[in-house]
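Trainee: To start, I am sharing the structure in question, which I have written as structure tokens.
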Amino acid sequence: MERILRVDMKTRTATVEPLPEAYWNLGGRSMTSRIVCDEVDPACDPMGPHNKLVFAPGLLSGTVLSSSSRLSVGCKSPLTGGIKESNAGGQSGLKMAMLGYRALIVEAQAEPGTWWLLVVERDGARFQRADDLAGSTTFELTEKLFERYSRQVGLSVLGPAGQMRMNLAGIANTDPEGRPSRLNARGGVGAVMGAKGLLAIVWNEPGYTPVSSLDPEKWKNAGKEYMGELRTQPATAERFPKYGTAAVLETVLKLGGLPIKNFSRGFDKQAEAITGLRMHDVIKERGGHTTHSCMTGCAIQCSNVWVDKQGEEVASSMEFETNGLLGSNLEIFDFDAIAAFARLCNELGVDTIETGGAMGVAMEAGLIPWGDMPAVVRAFREIREGTPFGRILGLGAGLAGKALGVRRVPVVKNQTISAYDPRAIKGNAVTYCTTAMGADHTAGNTIGAKTDHLNPADKVAISREAQVVSMLLDVFGFCNFARGVYGAKPEAFSKLYAARLGKPITVPEMRRYAVQVNRWELDFNVAAGQPLVERLPEWMREESLPPHNALFDVTEEEMAHMWDDEA
């Protein structure tokens, strides 16, 4: 039977509930957003006891179909002030689904100054006091928990930033080898978990029992069709397995949309030193891993393991966003420096995008020299120690900019813009302004669209389609790279849905499903006092971006009517 697990941090009680009939076809982002909309007051304090933290695997998570076991975490965000879904790979979504839970709802708050572990098992959950584990980095904490339970469990843990309730904080999930390197990173979800006094979740499923479908024969055929297309698409069969997500950097650089020096320009020849192609060659030369799976059973394996010149592991994984926000954005074009930053982000349990944005703002303010790797490491140390400057950085780029008196702050809904400058990649800019999630490219990334990215024409339509597909991917539990399969054979998704849940769905019905979830989220934000359409920072409409001297020029009126024609 499909179930929900509800835990109360104040009373330390855990209740297993049957899945409500109204939730039978919800998973991942649709599940987290529906529960937040149903149970959280939009006007509540995100860091107070009335906010709820919801974990949900995708509809296909636990089936071990390639790239399908991602985990969504939702709440009212302390960073954006609106609804948030943050998505991650790793083992947690897989283990949670195999334990038989479609959602975990974390309510209330523990007594101030106390820390707890939540051990989730098939018949419920139990709490264990964890004060002795507080203060640990994510790597220290996971090793202690593996020693206590086993290396076969999945873990979702807080690093020091989450323990200090910083807006930078995410929730770190372990990968197949046990690294706490797959983060529900965006929106400050780790700060909410920290505010509840929950230090870690142990998904106590040491076995490996895949989730069954209601129609096994249809599932077998649908899975074969999906996998055949996944292995046919050039991006998932060749490009991303070889070069990882950093393969995108070369494309964005050529378009003049890579953030350089706090989004002050979109191209710098030095950035050619940090492309995915170059990264692949260096990893191979040093004996690292050019391909790596962030979750069990992934056929794409777009992750990697960066090693130093002596062949010692430093970080997994080196991503496009990391190279952009913690590299070129800071005028740092050195892989070893960026890898050191990535490792520190994983240890602290923070979002690399938001951290890079905050560091860039601090450089704009003159507190960190541009391109100074040791100074950035010292700033990380201040975050770790919770010094006044470290806590300012921990607020995220938006509030750090206000504290430091900086005008050029690259945020939408107070969240750092992903490594696609909105003036050059205008479809993504529309996504930033119209999604409930703020400046989050995963809500609808348009970089793969066949369009003139500098031309404002058609960008609302392109963003709308990208948002629909991204929503469905989050609902199913797929990683973003499954979008190529949807683009080529959307009916493969409807077949998987029908086989897993036992009820048919058409491609148009899937689209209406995605639009409906999007409307729930936007309605929540409006009830929280936010506009239906956000604005990019004023300076992005006035300050042209070299080398193409681009400005953001999609009209607010056009964006305001994005969903009008959807049934």
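The values are calculated or read from the model by the stated rules, or taken from the named source; none is laboratory data. Predicted model, so just to flag it, every value in this text is computed and none were measured. Cβ placement follows ideal geometry from the backbone for every residue including glycine, while neighbour counts extend to all protein chains displayed. Accessible surface areas use protein heavy atoms only, side chains included; no ligands, DNA or RNA. Shrake-Rupley method; radii C 1.70, N 1.55, O 1.52, S 1.80 Å.
Trainee: When DSSP assigns beta bridges and you keep just the ones with both residues in the chain, what percent turn out antiparallel, to the nearest 5?
Mentor: Close to 80 percent.
Trainee: Could you order 485, 406 so the one with the most accessible surface comes first? Probe is 1.4 Å.
Mentor: Descending accessible area places them as 406, 485.
Trainee: Still on this model: Could you compute how fast the range 324-447 diffuses translationally, taking Rh as the Kirkwood radius over C-alpha pairs and applying Stokes-Einstein at 4 °C with viscosity 1.567 mPa s? Give it in µm² per second.
Mentor: Answer, rounded: 89 µm²/s.
Trainee: Quick one: accessible area per residue over the chain, 1.4 Å probe, rounded to a whole number of Å²?
Mentor: I get 34 Å² per residue for this part.
Trainee: Continuing with this model, one more query. Taking residue 450 as the anchor, which lysines have their alpha carbon closer than 16 Å to its alpha carbon, excluding any fewer than eight residues away along the same chain?
Mentor: Correct list for residue 450: 254, 426, 459.
Trainee: While we're on this one: Pairs of lysines 8 or more apart, or on different chains, with alpha carbons under 24 Å: count those in the range 4-158, would you?
Mentor: 9
Trainee: How many nm separate the modelled label positions at residue 146 and residue 308, each set 7 Å beyond the Cα in the direction of the Cβ?
Mentor: 2.0
Trainee: Under a cut-off of 17 Å between alpha-carbon atoms, report the lysines in cross-link reach of residue 261, not counting same-chain residues fewer than 8 places apart.
Mentor: Those lysines meeting the cut-off are 269.
Trainee: Under a point spin-label approximation (7 Å from Cα along Cα-to-Cβ), what is the residue 17-residue 134 distance to one decimal in nm?
Mentor: Once both label points are built, they end up 2.9 nm from each other.
Trainee: Which whole-number percent of Cα pairs in the range 1-107 have a distance greater than 25 Å?
Mentor: Values: 953 of 5671 pairs.
Roughly 17 percent, rounded to a whole number.
Trainee: According to the Cα gyration tensor, what semi-axes, each the square root of 5 times an eigenvalue, does the equivalent ellipsoid of the range 465-519 have, listed from largest to smallest in whole Å?
Mentor: 16, 14, 10
Trainee: Something else about it: Could you pull out the longest piece of the chain with no exposed loop GluC sites (Glu not before Pro) in it, calling a site exposed if DSSP puts it outside H, G, I, E, B and it has at most 11 other Cβ atoms within 10 Å? Present the calculation step by step, with values, prior to reporting the outcome.
Mentor: Details: sites that count: 312, 538.
Answer from the scan: 1-311.
Trainee: Given a Förster radius of 45 Å and the C-beta distance between residue 461 and residue 220 as r, what FRET efficiency does 1/(1 + (r/R0)^6) yield to the nearest 0.05?
Mentor: Calculated transfer efficiency: 0.80.
Trainee: In the range 215-243, whose amide N lies under 17 Å from the spot 7 Å out along Cα-to-Cβ of residue 284? List them in ranges.
Mentor: Only 237-243 fall inside the zone, counting backbone N under 17 Å.
Trainee: Give me D for the chain in µm² s⁻¹, whole number, from Stokes-Einstein with Rh from the Kirkwood sum over alpha-carbon pairs, 37 °C and 0.692 mPa s.
Mentor: Calculated translational D: 142 µm²/s.
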